[in-house]
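Presented below is the structure to which this report refers.
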Amino acid sequence: MITMNAAERFVKVCGEIGNYTEKLTGVSVVDAYFGPEGFHPEKMSTEKTEIDLVHEIHQVFDALRDEIDDPLRLDFMMGELHSLNIVVDWLAGKEMSYAELVEGLFHIPLKRFPENEIDKNIHLLEERISEFPGDDLRDKVTRFGSEGEITGEALQQLIETELQNKSAEIGQMFRDQVFSKMGASVPDKGVQYEAVRNEPWSGYNWYQGGFKSLNQFNIDSKFNKDTLLNVIYHEYEHHVSNLWREKAFLNSKNLELSIVPLHTGRCVISEGTADTAKEFLGVTDDSPRMAVINTLYVLRRMSSINAAIMLNDEGKAAEEAVDYLVNRGFRTRESAQQSINFISPTTKDGKPNFFAPYIYTYYKGRTDFVLPMYLKAVEKDSLPEFYKTVYMNPYSGSSVTWNKAFEWM
């Protein structure tokens, strides 16, 4: 019998949990893998029960405590493993509230946004959109969103042609605005764009390993030029983060870096950096239109979190959550129904919805972790060190380790 070290056991159990979640939900918890073929998740057992997996997880906890000396690396791996334990418990049917699920996965407290806070953002939206055409606020928002709207085959054509060129441009922006400050470089073999349908998300970056990614855009969703550009920046930053993670794995040989699980504290920082990509790249726009876009971003993130709590914690019907997103998030009914697919407790075929807890990572990752630290780095003239910590220290990238990694600031 071959004895595995703690990192190998970590990767093995991640792969087994990925196979377990895929069997139950149709989605693997493993988002990417670029390590040795012998540890590929596809090579791991597909027959482990929740009892087997929890037993293995606790064995890996013990191995990590015994073998990992670097405190940040240990905290990172222990946090990831704790989250994966919660994933197994959740899908095995262990009784837990939605708040316990979200907090257990992402290591952040669940909070419903008060309606008076939503009201403040609606009033701000009224002020910022006042000069745009429309009879009332809802009509103004609807007209604003439909300007330059694109969907279906036209969107597919755009994705598979113009976006490829935009991707190369954004890659160069990262080299000029971020990597140059770090005094370091990373291989980048680019991003391929593809149109898909019947997915709960609007866009997704599938990191392929070998320093390349596949970005998929859901053409069932409606985009306009503004939202599409925001998604491109967001997804490209995911690509960049994984480039640096793969480089760190190849340099350090720390095997746990070769596997990228979902539903952990890593996701909070990953979505936070992706939602802050435009700030990283110095993309500024003080136009009245951008002011409206930024206000809608906050309003829709807040209302989506509240709708997720309505569905998953309060047991409200999907139609009630749709109404809430329409009335409080100023979405079209079609857009609200598309959003419900991402946050509802179950999928249309009755399986547990793997993404139901995930909505919380975007807004909290940006507003509570990444953006405040970025602004602090700007204030202290420490952007080179900030970017090095974000991209060259892979163990900084978790809600468990983020503040500890930035103690130097």
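The values are calculated or read from the model by the stated rules, or taken from the named source; none is laboratory data. Please read these numbers as outputs of a predicted model, since none were measured by experiment. Quick reminder, even Gly has a Cβ in these numbers, built from the backbone with ideal geometry, and neighbours come from all protein chains shown.
If you take the residues of the range 287-309 that are free of Cβ contacts under 8 Å to residues at least 40 places away in the same chain and buried (at least 19 other Cβ atoms within 10 Å of the Cβ), which of them is nearest to GLN177 (Cα to Cα)?
ARG300
Give the residues of the range 91-107 that are assigned to a helix (DSSP H, G or I), within 18 Å of LEU53 (Cα to Cα) and free of Cβ contacts under 8 Å to residues at least 24 places away in the same chain, sorted by residue number.
Within the range 91-107, just GLY104 meets the criteria.
Over 21 Å from GLU235 (Cα atoms) and touching a Gly at 6+ places or on another chain (Cβ under 8 Å): is that true of SER303 in this structure? Spell out how you get there, then give the answer.
Values: over 21 Å from GLU235 (Cα atoms): yes; touching a Gly at 6+ places or on another chain (Cβ under 8 Å): yes.
Spelling it out, SER303 is indeed over 21 Å from GLU235 (Cα atoms) and touching a Gly at 6+ places or on another chain (Cβ under 8 Å).
Pairs only if they're at least six apart or on different chains, beta carbon under 6 angstrom, first in the range 349-364 and assigned to a loop (DSSP other than H, G, I, E, B), second surrounded by fewer than 22 Cβ atoms within 10 Å (Cβ to Cβ) and polar (S, T, N, Q); list them, first residue then second.
Every condition considered, the pairs that remain are LYS351/THR25; ASN353/SER344; ASN353/THR346; ASN353/THR347; PHE354/THR25.
Hey, any hits in the range 61-68 for a residue that's outside any helix (DSSP H, G or I), under 21 Å from SER399 (Cα atoms) and not assigned by TED's automatic domain parsing to the domain that holds LYS253? Reasoning before the result, please.
Looking only at the range 61-68, we keep the residues that are outside any helix (DSSP H, G or I), and these are 68.
With the extra rule that they be under 21 Å from SER399 (Cα atoms), the set shrinks to 68.
Still in the running and not assigned by TED's automatic domain parsing to the domain that holds LYS253: 68.
Yes.
Can you report the number of residues in the range 351-370 which are among the polar types (S, T, N, Q) and either closer than 16 Å to GLU100 by Cβ or in contact with a strand residue (DSSP E or B) (Cβ under 9 Å, 6 or more places away or on another chain) (or both)?
First, pick out the residues of the range 351-370 that are among the polar types (S, T, N, Q): 353, 361, 367.
Remaining after also requiring either closer than 16 Å to GLU100 by Cβ or in contact with a strand residue (DSSP E or B) (Cβ under 9 Å, 6 or more places away or on another chain) (or both): 353.
The total comes to 1.
Cβ-Cβ under 6 Å, sequence separation 6+ or interchain: first residue in the range 117-136 and within 13 Å of ILE293 (Cα to Cα), partner aromatic (Phe, Trp, Tyr). Which pairs?
PHE132/PHE144
Conditions tested, residue by residue: (1) out of contact with any strand residue (DSSP E or B) (no Cβ under 9 Å at 6 or more places or on another chain); (2) assigned to a loop (DSSP other than H, G, I, E, B); (3) surrounded by fewer than 20 Cβ atoms within 10 Å (Cβ to Cβ).
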residue	(1), (2), (3)
HIS234	no, no, no
GLU237	no, no, no
ALA248	yes, no, yes
VAL260	no, no, no
ILE269	yes, no, no
ASP285	yes, yes, yes
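Is one or more of the residues making up the range 322-334 surrounded by 20 or more Cβ atoms within 10 Å (Cβ to Cβ), of a type in the set (D, E, K, R) and either closer than 26 Å to LYS140 by Cβ or assigned by TED's automatic domain parsing to the domain that holds TYR297 (or both)?
Yes, that holds for at least one residue.
Six or more apart or on different chains, Cβ under 8 Å: which pairs go from a residue in the range 237-251 that's farther than 21 Å from LYS278 by Cα and assigned by TED's automatic domain parsing to the domain that holds ASP275 to one that's assigned to a helix (DSSP H, G or I) and among the small types (Gly, Ala, Ser)? Could you list them?
Taking only residues 6 or more apart or on different chains, the pairs are GLU246/SER258; PHE249/SER258.
For TYR20, are the conditions met, namely being of a type in the set (Ser, Thr, Tyr) and either surrounded by fewer than 22 Cβ atoms within 10 Å (Cβ to Cβ) or assigned by TED's automatic domain parsing to the domain that holds THR264 (or both)? Give the steps one after another, and end with the answer.
On the way: of a type in the set (Ser, Thr, Tyr): yes; either surrounded by fewer than 22 Cβ atoms within 10 Å (Cβ to Cβ) or assigned by TED's automatic domain parsing to the domain that holds THR264 (or both): no.
The answer is no for TYR20.
Mind checking whether some residue in the range 143-152 is crowded, with 20+ Cβ neighbours inside 10 Å, small (Gly, Ala, Ser) and not in a loop (DSSP other than H, G, I, E, B)?
Scanning the range 143-152, I find at least one residue that is crowded, with 20+ Cβ neighbours inside 10 Å, small (Gly, Ala, Ser) and not in a loop (DSSP other than H, G, I, E, B), so the answer is yes.
What are the pairs, 6+ residues apart or on separate chains, where a residue within the range 178-202 that is closer than 26 Å to TYR362 by Cα has its Cβ under 9 Å from a residue that is part of a loop (DSSP other than H, G, I, E, B) and of a type in the set (S, T, N, Q)?
PHE179/SER185; TYR193/THR161; GLU199/SER221; PRO200/SER344; PRO200/THR347; PRO200/ASN353; TRP201/SER221; SER202/SER221
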